[in-house]
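Only one structure is covered here, and it is reproduced in the block below.
The values are calculated or read from the model by the stated rules, or taken from the named source; none is laboratory data. Quick caveat: nothing in here was measured; it's all calculated off a predicted structure. As a convention, Cβ positions derive from the backbone with ideal geometry for all residues, glycine included, and neighbour counts pool all protein chains shown. Remember, those area values only see protein heavy atoms, side chains included, never the ligands or the DNA or RNA. Shrake-Rupley method; radii C 1.70, N 1.55, O 1.52, S 1.80 Å.
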Amino acid sequence: MRTCIQLGLYTSAFWTYLTREDWVDYRRKKLDQPQNILPEFFTEDPAPFQFYGVDVEPESIAHVANSDRYKDFSNIMWICTGISDDYYLMQPTSRYNGAKWYQFSTANKMHVYITMKHLIDSISPETFDVLAIDIDGYEHYIFDDMENWSILPTYITMEYHPSGFDGENRKVAERKETYDNLIVTIVGNGYTYLEPVIKYEAGNAVEEMQFLKTDFV
């Protein structure tokens, strides 16, 4: 069974549609939007995917895992952890405190982080086909150990954010630097950088970065 990993869920887990028996028709009929288009060769095999939804927030995991939207879906595994460049515990940042969705104090709470290599090794997928990322500017941490991954995804799609974070203190960093380094890292591991897709969220244009293994271009 092919595999899709989505990093960053918030209150939804969009890529779960790939677990449907009718995902090819569903995509074409219901999801006719630019951000939802996979490279067409994926439709040559209509078999459903195994989906792994990963988020650092227990609240997000609890929300999607108990949502009626996904209750009848099979082939889904929810994983509560952050993905970064090392293993550590970290207190949630203040942006979660009192936000619309995250209504809790951060004073007595810690987040667990592991590396992408560890996640892949733990899952041990037979194939790794889709990696979808929406993690608010931390994208470059995901790929720091990419050369050591036991298996590489065929297709990578990630939402572009206007700010990034530096490696030492995890503070806001110059976005162009992290953006350029991210592209160099992924392309250097055997990918072609595809034309970005523009999607719209709440009336705002958002860029979706796309990479495809060069062997499949």
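For segment 157-176, does any single residue satisfy the condition of being modelled with pLDDT of 90 or more, under 26 Å from E40 (Cβ atoms) and in contact with a helix residue (DSSP H, G or I) (Cβ under 9 Å, 6 or more places away or on another chain)? The answer is yes, given that some residue of segment 157-176 is modelled with pLDDT of 90 or more, under 26 Å from E40 (Cβ atoms) and in contact with a helix residue (DSSP H, G or I) (Cβ under 9 Å, 6 or more places away or on another chain). Of all residues in segment 138-152, those being at pLDDT below 90, part of a helix (DSSP H, G or I) and out of contact with any helix residue (DSSP H, G or I) (no Cβ under 8 Å at 6 or more places or on another chain) number 1. Within segment 94-112, the set of residues being part of a loop (DSSP other than H, G, I, E, B) and modelled with pLDDT under 70 comprises N97, G98, A99, K100, W101, Y102, Q103, F104, S105. The number of residues in segment 1-24 being open to solvent by 40 Å² or more (accessible area, probe 1.4 Å) and touching a residue at least 60 places away in the same chain (Cβ under 8 Å) comes to 4. A single entry from Y10, Y26 fulfils the requirement of being part of a loop (DSSP other than H, G, I, E, B) and farther than 20 Å from L194 by Cβ: Y10. Look at segment 113-137: where a residue is more than 12 Å from I79 (Cβ to Cβ) and assigned to a loop (DSSP other than H, G, I, E, B) and a partner is at pLDDT below 95 and of a type in the set (D, E), sitting 6+ places away or on another chain with Cβ atoms under 8 Å, you get D134/E159.
Checking each residue in segment 44-67 for being among the acidic types (D, E) and either modelled with pLDDT of 90 or more or in contact with a Lys or Arg (Cβ under 9 Å, 6 or more places away or on another chain) (or both) picks out E44, D45, D55.
In segment 29-42, is there at least one residue being under 30 Å from T106 (Cα atoms) and crowded, with 18+ Cβ neighbours inside 10 Å? Within segment 29-42, none of the residues are under 30 Å from T106 (Cα atoms) and crowded, with 18+ Cβ neighbours inside 10 Å. For segment 43-63, filtered to residues that are of a type in the set (G, A, S) and surrounded by fewer than 17 Cβ atoms within 10 Å (Cβ to Cβ), the residue that is nearest to L212 (Cα to Cα) is A47.
Counting residues in segment 67-83 that are open to solvent by 20 Å² or more (accessible area, probe 1.4 Å), in a helix (DSSP H, G or I) and either farther than 24 Å from Y138 by Cβ or small (G, A, S) (or both) gives zero. When I79 is tested against (1) at pLDDT below 90; (2) among the aliphatic types (A, V, I, L, M); (3) under 28 Å from E21 (Cα atoms), exactly one condition is not met: (1).
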